[in-house]
Each structure stands twice: as structure tokens, then as C-alpha cells.
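Here the structure is laid out as C-alpha cells; the discussion comes afterwards.
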Amino acid sequence: MFDVHRSWKRLLVTAAAALALSAPLGATAAHAAANPYERGPAPTLARLQANSGPYAVSQVNVSRLSVSGFGGGVIYYPTSTADGTFGAIAISPGFTAYWSSISWLGPRLASHGFVVIGIETLTTLDQPDSRGDQLLAALDYLTQRSSVRSRVDASRLAVAGHSMGGGGSLEAASSRPSLQAAVPLAPWNTDKVWTDIRVPTLIVGGQADTVAPVASHSIPFYTTIPSSAEKAYLELAGQSHFFPQTVNTTTAVEAVSWMKRFVDNDTRYDQFICPGPSGLLVSDYRNSCPLS
């Protein structure tokens, strides 16, 4: 017997398949992956405040004898390869310091879906311009010769650093505008004007910093970066120059959010940048919101 219901069902399925085949390929792909760089689940403040993100992290040491242009260091990376490649971040310690002084940042950032290289500098006395060059050399090593290069998306790179390393991250952003983000922490630099920076930059300063006082370092750095570059300034209430040398949750929340927003193009993190943090732990917060 002729089954009308089944015939109509078959006709509708066939028509739907034909419509899908006739749709523009780009539109179908865009619907399937509106942001191909998005990694990890939807963020929550609780997850960002936790000691680790959604990815398990592995690490590998890099000998200074095996590299050129910087002093080796440690690479942290998501253990799983299920999500494909990840953006990458190079981080420099400050004057007279070693990577161990801010090493908590490595696994913290990596656990949110980044490959991170925390560098040792060629000498502990290297100035910001040299540290900037070394950050870029570390990124080149990470993407071209490292044992984890297949895990890295070489088009999505960022820099960060503490003190002279923070000043170095400004130098790196100035000289390589293809970078996706920069996060200087308590940055120190004799150059106060950064009108040539086009890289989205989050500067974090300590209100009580006497080594790189915010009035003569972080604030003028922030002020002179064009708003078109996307920028934010976070000032931590009562914090000294050395706040990055222990786990700082407010810094972690904003640094991860900034990297996710601009390295991964992940607009789910806008909520943590605009309007941004407030409360007793924050003495000042400025930004170029709304984000474009």
C-alpha cells in the first residue's frame, strides 16, 4: 500500500539535503565555526579565579645551549591536541630576576588554552630593548624549531613581562605590530611615549610601586598608546612593584581575559574587560571600550 506519510517525509529530507548542497560553502563553514580560534568552554569568573583553567598542562625545559637570541626557559602547553593548535605567549622576567620569579603565570595561562614560553634572559641585567628582542626570538623559536611547534598557531602570538620584561613587551609590540596582544606587568622603561603601538595592550600597575611608579611609567605608557590599538590600564590597590612574583588573582583574571579576547578573538571574554574589574582590590581601571 502507498504510504503517503513516508513519501512526504522522504521528499522533505531530499529537499533539505538539496538546499544544504546549494548553500554557499563559506556560509555553511561560517555557521559551523564562527570563530575558528575559540578554545575552551564559556568562561565564568569562578573559573578565571581558580588556580587552573579547563586544560591539563604539560611542560618542557629549553636549554639556553639549544637556542639563540634568548636564554632558554620553560614551555607550558595544553596536553590535549583535540582542539587543534593554540595561540602562543612569550613572557620575560624583570631586571636581575629569573623566570622562576613569575613562573606561576606559565601554567595559569596555558591551562586556558595557550602555549606559553617563560624565558630566561641572556643576562639578568638586560635592558627593556634587549628583552623585547629576546621575547620575539623566543616566539620565533617556539613556532619554528621547538618540540611543540605543531601545537602553535604562528599567526596568533602575544608577549608579556614583568618590570623591565614588561618594558620589553612594549618594545616587542612596537617592533612587531603583527602581535595579537601584549600584557606588561609593572612595566619599567625610559621611553614614556608609545604612540606607534598598534597591538592591543593591557598594562597592570601597582598603586604603591616605588621602582616603576605608575605616575611615571604605567600611566604615561597607557595614555600614549592610541585607543585604536585597544588598550586597558589596571591599577592594583596597595600593591608594590613585585605583585607579579606571587599569585595575583586579579591580574590572572584580566591577563587571561585579554589574551583570550585578542589572541583567540573570543568575545565571550568581553564581559571581564568592559566594564572591567572594580572593588577594594582595584584603585584604577581605564579602557578603550567598547571593543571593536
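The values are calculated or read from the model by the stated rules, or taken from the named source; none is laboratory data. Just so it is clear, the structure is predicted and the values come from calculations on it, not from any experiment. A quick note on method: Cβ atoms are made from the backbone with ideal geometry, for glycine too, and the neighbour counts reach across all protein chains shown.
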> Going through segment 90-102 one residue at a time, which ones are farther than 14 Å from T251 by Cβ and either within 16 Å of the chain's Cα centre (by Cα) or not polar (S, T, N, Q) (or both)?
Replying inline: A90, S92, P93, G94, F95, A97, Y98, W99
> Are any of the residues in segment 13-28 under 24 Å from V183 (Cα atoms) and either in contact with a helix residue (DSSP H, G or I) (Cβ under 7 Å, 6 or more places away or on another chain) or at pLDDT below 95 (or both)?
Replying inline: no
> Within segment 233-249, which residues are buried (at least 20 other Cβ atoms within 10 Å of the Cβ) and part of a helix (DSSP H, G or I)?
Replying inline: F243, P244, Q245
>> Looking only at residues that are surrounded by 16 or more Cβ atoms within 10 Å (Cβ to Cβ) and part of a helix (DSSP H, G or I) in segment 264-292, which one is nearest to the chain's Cα centre (by Cα)?
In response: Y269
>> For the condition free of Cβ contacts under 8 Å to residues at least 40 places away in the same chain, of a type in the set (S, T, Y) and more than 25 Å from Q127 (Cβ to Cβ), what is the one hit in S216, S278, S292?
In response: S278
>> Tell me the residue from L65, L48 that is under 30 Å from G167 (Cβ atoms), modelled with pLDDT of 50 or more and over 26 Å from the mean Cα position of the chain (by Cα), please.
In response: L65
> Restricted to segment 165-188, and to residues that are surrounded by 24 or more Cβ atoms within 10 Å (Cβ to Cβ) and out of contact with any strand residue (DSSP E or B) (no Cβ under 8 Å at 6 or more places or on another chain), which residue is nearest to P244 (Cα to Cα)?
Replying inline: W188
>> Show the residue pairs meeting these rules: Cβ distance below 6 Å; 6+ apart or different chains; first residue within segment 96-117 and within 28 Å of S155 (Cβ to Cβ); second residue polar (S, T, N, Q) and in a loop (DSSP other than H, G, I, E, B).
In response: S111/S52
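Okay, residues lined up against (1) at pLDDT below 95; (2) of a type in the set (A, V, I, L, M, F, W, C); (3) under 26 Å from N51 (Cα atoms):
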position	(1), (2), (3)
S216	no, no, no
I219	no, yes, no
L234	no, yes, yes
A237	no, yes, yes
T246	no, no, yes
T250	no, no, yes
C274	no, yes, yes
